[in-house]
Structures are given as C-alpha cells and as structure tokens.
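Engineer: Mind having a look at this structure? Questions to follow.
The values are calculated or read from the model by the stated rules, or taken from the named source; none is laboratory data. All figures in this text were calculated on a predicted structure; none of them were measured in a lab. Here the Cβ positions follow ideal geometry from the backbone for every residue, glycine too, while neighbour counts run over all protein chains shown. Ligands, DNA and RNA are excluded from the accessible area calculation, which covers all protein heavy atoms including side chains. Shrake-Rupley method; radii C 1.70, N 1.55, O 1.52, S 1.80 Å.
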Amino acid sequence: MRNYPSENKSQYHEKLEKLYKELFSFALSLAKNRVDAEYLVQDSIIKCHTKKPEIFSKPYKACYLYIRKVVKNLYLDRINNTQAGVLVSLENNSILDSRSIDQNLIKLETIERFVEFGYVKLTNEQKKYFDLMLQPLNDREIAEKLGKSLITVRVMKTKVREKIKKAVRQRAASFEKIYQGVKNEYNKKTA
C-alpha cells in the first residue's frame with residue numbers, strides 16, 4: 001500500500017474498509033464460515049495490491065466487481081483443490097486470526113510485505129505460476145497459458161502456496177519474537 005492512487009491516505013483506507021466489508025459478506029455467502037471468508041478476502045486484496053494496484057484507482061464499483069471476481073475464483077480454486085485432496089482446511093492455515101475487520105485492515109499492509117518477502121524466495125518458474133494465480137484465472141486457463149497439464153498446474157500452485165505460507169509464517173514469527181521481547185522489557189520496567 002505504498003501508493004494512494006488519486007486519493008489521500010484516509011480516503012484510500014476508507015475505500016479499502018468499505019471494500020473489505022462488502023467483499024467479506026460475499027465471501028461469507030460462498031464459504032459459509034468466517035475464517036475461510038476472511039482468508040478469501042485478504043488473499044484477494046493482497047493479490048490485487050501486489051499484481052494489479054491500478055485497480056484501486058478505478059471507480060469504487062469497478063474495483064469492487066474486479067476483486068469480487070478474484071474472491072469467487074479463489075473460492076472455486078479452493079473447492080477444486082480440496083476435491084483433488086491438495087489443500088487442507090483454510091482454518092488451519094489462516095494467516096490472520098478472527099479479529100475485527102478494522103484490526104485485519106491494519107495488518108493488511110504488514111501481510112502484503114510478508115507476501116513480497118515470500119515472493120522473492122520463489123524460483124523463476126514458481127514466480128510464473130504465482131503471477132498467474134493472482135489473475136482471475138482458473139486452473140485450466142493457467143494450464144493453457146503455460147502449456148502444462150492441469151495436474152501439473154495444481155501441484156505447482158500448491159507448492160507455491162506452501163512456500164509463500166512458510167515464508168509468511170517465518171516472518172510473522174520473527175516479528176512476534178521481537179514484539180514479545182519489547183513487551184517483556186516494558187513490563188519489567190513498569191513493574
């Protein structure tokens with residue numbers, strides 16, 4: 001969220017918050033549980049911020065409809081991958097906890113940086129898959145673009161997701177250790 005296209009920072013965050021709330025309602029109607037709905041919305045917004053930031057400078061309706069399509073495609077991908085036995089429950093792999101929407105929006109900028117940290121650890125081939133995963137494409141469309149089989153695409157997408165998740169978890173754990181150290185020092189001084 002480095003740039004605030006055609007808006008100041010507070011207008012931009014208001015727009016993001018409104019998008020998040022509406023997209024969350026839509027995702028909840030698909031996923032039927034709060035954790036998966038949060039995952040779908042967060043992942044969609046991060047993907048759009050990382051690969052198509054210009055969408056946020058479009059009028060609200062255009063921005064919402066585009067990200068809504070990304071949410072829907074991620075959900076359908078999840079269903080396809082789950083049926084193939086590739087992806088475990090999102091409840092066990094959620095990056096953010098089930099706190100309020102406002103707190104999650106505050107964390108969104110940090111999560112974006114964590115994903116960028118994971119992206120640099122991908123191989124060039126994995127980056128090709130990741131870049132296509134961020135577009136509103138289904139597995140078949142990705143397979144066609146890369147000239148690969150559907151199974152190859154699904155396996156590679158799973159590897160890419162796991163590598164990004166691992167990098168995000170490692171980065172989050174290091175920040176948590178720093179936070180706990182600062183918190184402990186503060187508690188010692190105030191006790």
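Engineer: Which members of region 61-72 meet the condition of being closer than 25 Å to residue 36 by Cβ and open to solvent by less than 90 Å² (accessible area, probe 1.4 Å)?
Structural biologist: Within region 61-72, 63, 64, 65, 66, 67, 68, 70, 71 meet the criteria.
Residues checked against (1) closer than 16 Å to residue 21 by Cα; (2) under 14 Å from the mean Cα position of the chain (by Cα); (3) at pLDDT below 85:
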position: 66; (1), (2), (3): yes, no, no
position: 111; (1), (2), (3): no, yes, yes
position: 115; (1), (2), (3): no, yes, yes
position: 120; (1), (2), (3): no, no, yes
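Engineer: With the requirement that a residue be open to solvent by less than 30 Å² (accessible area, probe 1.4 Å) and of a type outside the set (Ser, Thr, Tyr), what does region 111-135 give you?
Structural biologist: 111, 112, 114, 115, 118, 122, 126, 130, 132, 133, 134
Engineer: Shifting gears a bit: Looking only at region 43-60, decide whether some residue is among the small types (Gly, Ala, Ser) and without any contact (Cβ under 8 Å) to a residue 12 or more places away in the chain.
Structural biologist: No, every residue in region 43-60 fails to be among the small types (Gly, Ala, Ser) and without any contact (Cβ under 8 Å) to a residue 12 or more places away in the chain.
Engineer: For residue 37, all conditions in the list (1) among the small types (Gly, Ala, Ser); (2) touching a Ser or Thr at 6+ places or on another chain (Cβ under 8 Å); (3) under 26 Å from residue 162 (Cα atoms) hold save one; what is the number of the exception?
Structural biologist: So residue 37 meets the others, but not (2).
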